[in-house]
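**Student:** Pasting a structure below so you can have a look.
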Ligand SMILES: Cc1ncc(COP(=O)(O)O)c(C=O)c1O
């Protein structure tokens, strides 16, 4: 008999959340060879050299200590200038910006800073795996709002409105979206903003993919009328500058909320790593041309992936941001889990079942196209073979080619 503690020893809040459905899958494939991974949502580039070199030099010079809890003043000032230049948003670097260990920490801090037990938070379904988990861990209640492929996975204002109760504290979402690649339109955001103002709600806006948009504009939520004072803007360096391993991001928002987030941060994290902060300053200074080149490449891969999936008969709406395609696999007769598992074992292609991102992800899988064109081509060949084998009559649906 095992002597390990049973769930009665672990917190009820923790027992309430499931392990990430993304990780579960990747534990499965860790032992397999020859797998093409369309799985983990991570750039396949290394961080641009100018950024790495600056960090190396900082280590050589002995920058190895703690920084201020809020983050290095130089980085906060650089971010304040960046937000002003890019969006016309004025954030005080001393009181309204906090440097975090990635957007991941920002999401946790934001949830814990604003929620009391039982407070409700509106979240789109499907969504990034951490949104409901963070809300639950903060004692809040995630209230999932269904979105659908027919509606381009946009949040429908009527669906939000019917779920607002006196306990609703916030709306938590990200645009561009992981897993759907949807870039919420300015019109939709204006409607959501109106609802937030009317019902005195906070918006936690995860804008980590803001630079990864294709032929559309990304709208930064606090730029909308009356929203700067009720939005916690979360962003970071992981995706745009290929800096996932540096674990660096930031939160910008009203000073009372940033102060509350800083309180938690100072007792749990102290500060983000100094070398990553120095690297982030350099990314803001010199990283944008490399970021733009990566985005051009992602766009080519996006077109190949989306058109390829549609040709195979896995109908895929056009993802206008991030680096994910979210095709329907309903035509194969499999559910998302079975499709993903069998594709992995039979053809060695890893994707993530849509259900990892919520119930409304059933019938879909997430394919990350942040991998080489050769990998995408081979993955599509394998998926085609798999679909033909398992579909009695190959799906004769109309493909929807995505134009450049
Ligand atoms: C939507 C979204 N938000 C946040 C994160 C976490 O970002 P970070 O590396 O900055 O913690 C991810 C990572 O995949 C993501 O997809």
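**Student:** Name every residue in segment 248-262 that is in a helix (DSSP H, G or I), touching a residue at least 24 places away in the same chain (Cβ under 8 Å) and more than 16 Å from the ligand (Cβ to nearest atom), in order of residue number.
**Tutor:** Passing the criteria: 255, 257, 258, 259, 260, 262.
**Student:** Restricting to segment 342-371, name every residue that is part of a helix (DSSP H, G or I) and in contact with a strand residue (DSSP E or B) (Cβ under 8 Å, 6 or more places away or on another chain).
**Tutor:** Keep residues of segment 342-371 that are part of a helix (DSSP H, G or I), which gives 342-347, 354-357, 359-361.
If the condition is that a residue be part of a helix (DSSP H, G or I) and in contact with a strand residue (DSSP E or B) (Cβ under 8 Å, 6 or more places away or on another chain), then 343, 344, 354, 356, 357, 359, 360, 361 are the ones that fit.
**Student:** If you check 226, 245, which single one turns out to be away from the ligand (no atom under 11 Å from the Cβ) and either part of a loop (DSSP other than H, G, I, E, B) or at pLDDT 95 or above (or both)?
**Tutor:** Values: 245 fails: away from the ligand (no atom under 11 Å from the Cβ).
Exactly one of 226, 245 is away from the ligand (no atom under 11 Å from the Cβ) and either part of a loop (DSSP other than H, G, I, E, B) or at pLDDT 95 or above (or both), namely 226.
**Student:** Right, next: Please count how many residues of segment 347-359 are within 14 Å of residue 383 (Cα to Cα) and either within 16 Å of the ligand (Cβ to nearest atom) or in contact with a helix residue (DSSP H, G or I) (Cβ under 6 Å, 6 or more places away or on another chain) (or both). Lay out the reasoning, then the answer.
**Tutor:** Let us first name the residues in segment 347-359 that are within 14 Å of residue 383 (Cα to Cα), namely 347-352.
Now narrow it down to the ones that are either within 16 Å of the ligand (Cβ to nearest atom) or in contact with a helix residue (DSSP H, G or I) (Cβ under 6 Å, 6 or more places away or on another chain) (or both): 347, 349-352.
Total meeting the criteria: 5.
**Student:** Same structure, new question: Under 6 Å between Cβ atoms, which residue pairs at least 6 apart in sequence (or on different chains) link something in segment 177-195 that is within 12 Å of the ligand (Cβ to nearest atom) with a partner that is in a helix (DSSP H, G or I) and modelled with pLDDT of 95 or more?
**Tutor:** Close Cβ pairs (under 6 Å, with a partner that is in a helix (DSSP H, G or I) and modelled with pLDDT of 95 or more) amount to 179/357.
**Student:** Take residue 321 and decide whether it is closer than 30 Å to residue 217 by Cβ and surrounded by 19 or more Cβ atoms within 10 Å (Cβ to Cβ).
**Tutor:** Spelling it out, residue 321 is indeed closer than 30 Å to residue 217 by Cβ and surrounded by 19 or more Cβ atoms within 10 Å (Cβ to Cβ).
**Student:** Another question about this same structure. Give the residue that is farthest from the ligand (Cβ to nearest atom), with candidates limited to residues of segment 125-148 that are part of a loop (DSSP other than H, G, I, E, B) and farther than 15 Å from residue 177 by Cα. Full working, then the answer.
**Tutor:** Filtering segment 125-148 down to residues part of a loop (DSSP other than H, G, I, E, B) leaves 126-129, 138-140, 147-148.
Still in the list and also farther than 15 Å from residue 177 by Cα: 138-140.
On the way: 138: 16, 139: 21, 140: 18 Å.
Ranking the candidates gives 139 first.
**Student:** Residue 122 versus (1) away from the ligand (no atom under 15 Å from the Cβ); (2) over 17 Å from the mean Cα position of the chain (by Cα); (3) buried (at least 19 other Cβ atoms within 10 Å of the Cβ): which is the lone unmet condition?
**Tutor:** The single condition residue 122 does not satisfy is (2).
**Student:** Could you tell me whether segment 367-377 includes any residue that is over 19 Å from the mean Cα position of the chain (by Cα) and free of Cβ contacts under 8 Å to residues at least 12 places away in the same chain? Spell out how you get there, then give the answer.
**Tutor:** At the first step, the residues of segment 367-377 found to be over 19 Å from the mean Cα position of the chain (by Cα) are 372-377.
Still in the running and free of Cβ contacts under 8 Å to residues at least 12 places away in the same chain: 374.
Looking for residues that are over 19 Å from the mean Cα position of the chain (by Cα) and free of Cβ contacts under 8 Å to residues at least 12 places away in the same chain, one finds at least one in segment 367-377, hence yes.
The values are calculated or read from the model by the stated rules, or taken from the named source; none is laboratory data. Note that this is a predicted model, so its numbers are computed, not measured. We place every Cβ from the backbone using ideal geometry, glycine too, and count neighbours over all the protein chains shown.
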